[in-house]
């Protein structure tokens, strides 16, 4: 089969993906067993695999997985509603946009997670501290990409709308927003990465909530296999959230 | 067949006295402030369009064609003069004028049928009814079978036909087109010209085409207004006395060649003025 036909196949690319993953796992297993990599730093994958049952039964990892997952989903919903709305507001009120756009961009690079004491004071030692940090840290890409998407609406499409005597609100809902959606989704995907990292990070830092806290506890007990197994669950949250976003994106922008 | 070229010197003949004109463009002037002073893009342009007529406005780049397109379509204000359709003065975008733009203007997030049904959706027509009407116009532009495709799956020529069908579905009194085939290759352009002729034949659609392509203008038009280079004025009106119904076969006729040659002799002087102006500007812009 030729290379391009292979690339277009439905089965071969994922097969290569899983195959490479399996090979790397195997390589680690061999290197650790041969003592090339110290097993006190990275436990052998077989040991991690065996620790899954333990962390499911003893550490209730599934409940923690649900806790972290729901924090991420809550932050994602807030991001979509608030982030996109702020983006729309800044796009429409030019002076606000000029006044704040640089700050918003600077905020994207700020280590919001280090402000956790402030959030603890405001929201207490509750899931809301975690959700709010994830939400605030993830806002900048959503806002910036919403502005970029709306500003990037092609002039001619707006002129088509105007030639049909559309009102400003019709222009927004029927032309500008659909035209901006693919770019807004880029912002949301970036935002979700920020949110997930921050949420697990804060759980770890304040030793509260879902998978982050479990990773903290297991690491303190020096249960390395358990720690890595718990990290696998964080990756699982990421996969689920991204699959969900992709599905929503495909539903909303079927042309892409 | 002899080409009939009217010389166009007096303003009286600029505005045909025919009282049955569906659209009148009267004394339109448009000036823009630029860093180098006031630029007159369109200078005192007047003409009238008869019902069912195919009228083209041709001119070199920089003659204010697109400005005129935007003024007539109601997208540009701040001009002097008056545009009226069936006696009603146009002050902004108007349901009686449907515009087809030079740039690709389909909505990429909508299928062909949803693109064409768009103006009907705005007017609040029920879904079943608007889909049926959209299908009618899709068939008219020869895109049946592509109803559920997205624009990204179509060629440039097909996308322009979708834009045209969308504007026709709006059922405007005047179809106003700004070089709709400019981005397409010559063969596609001639074949789409056939499609436009066929549609015009069927719908008796009054059409105003803005173009810089002489072949296209002669192939499609009943009359051609030749414009001067900056400031854009009407230099001459040419009646195209070629038989209808026409097809692109007409381009090989002797009369067609004569019209093209006559219009080119009018345009050449204007186009050269435009070119030397452009070169001067570039020299000024990049002093050596």
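The values are calculated or read from the model by the stated rules, or taken from the named source; none is laboratory data. This structure is a prediction, so every number in the text was calculated from the model and none was measured. Cβ coordinates were reconstructed from backbone atoms using ideal geometry, including for glycine residues, and neighbour counts include every protein chain displayed.
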- [ ] Would you check if residue B:189 is within 28 Å of residue B:124 (Cβ to Cβ), assigned to a helix (DSSP H, G or I) and modelled with pLDDT under 95?
- [x] no
TODO: Say whether the condition of being under 23 Å from residue A:190 (Cβ atoms), assigned by TED's automatic domain parsing to the domain that holds residue A:212 and part of a helix (DSSP H, G or I) is met by at least one residue in segment A:117-125.
DONE: yes
Open item on the list: On the basis of being in a helix (DSSP H, G or I) and within 14 Å of another protein chain (Cβ to nearest Cβ), does residue A:244 make the cut?
Closed with: no
Task: Unmet criterion (only one of (1) within 30 Å of residue B:279 (Cα to Cα); (2) more than 14 Å from every other protein chain (Cβ to nearest Cβ); (3) part of a loop (DSSP other than H, G, I, E, B)) for residue B:145 - done: (1)
TODO: Pull up segment B:253-273, narrow it to residues that are surrounded by fewer than 20 Cβ atoms within 10 Å (Cβ to Cβ) and within 22 Å of the chain's Cα centre (by Cα), then point me to the one that is farthest from residue B:62 (Cα to Cα).
DONE: B:257
TODO: Only one of these is within 14 Å of another protein chain (Cβ to nearest Cβ) and modelled with pLDDT of 90 or more: A:198, A:159, A:256. Name it.
DONE: A:159
TODO: Given the conditions (1) over 22 Å from residue A:173 (Cα atoms); (2) crowded, with 16+ Cβ neighbours inside 10 Å; (3) within 14 Å of chain A (Cβ to nearest Cβ), report the number of the one that residue B:150 does not fulfil.
DONE: (1)
- [ ] Determine which single condition residue A:177 fails, assuming it passes every other condition in (1) within 14 Å of another protein chain (Cβ to nearest Cβ); (2) in contact with a helix residue (DSSP H, G or I) (Cβ under 7 Å, 6 or more places away or on another chain); (3) in a helix (DSSP H, G or I).
- [x] (2)
TODO: Mind listing whichever residues of segment B:114-134 are more than 8 Å from every other protein chain (Cβ to nearest Cβ) and crowded, with 21+ Cβ neighbours inside 10 Å?
DONE: B:115, B:116, B:117, B:120, B:130, B:134
Task: Residue list for segment B:75-110, filter: buried (at least 20 other Cβ atoms within 10 Å of the Cβ) and facing another protein chain (nearest Cβ under 8 Å) - done: B:94, B:97, B:98, B:99, B:101, B:105, B:107, B:109, B:110
Open item on the list: Going by what's in this entry, would residue A:139 be described as touching a residue at least 40 places away in the same chain (Cβ under 8 Å), touching a helix residue (DSSP H, G or I) at 6+ places or on another chain (Cβ under 8 Å) and within 11 Å of chain B (Cβ to nearest Cβ)?
Closed with: no
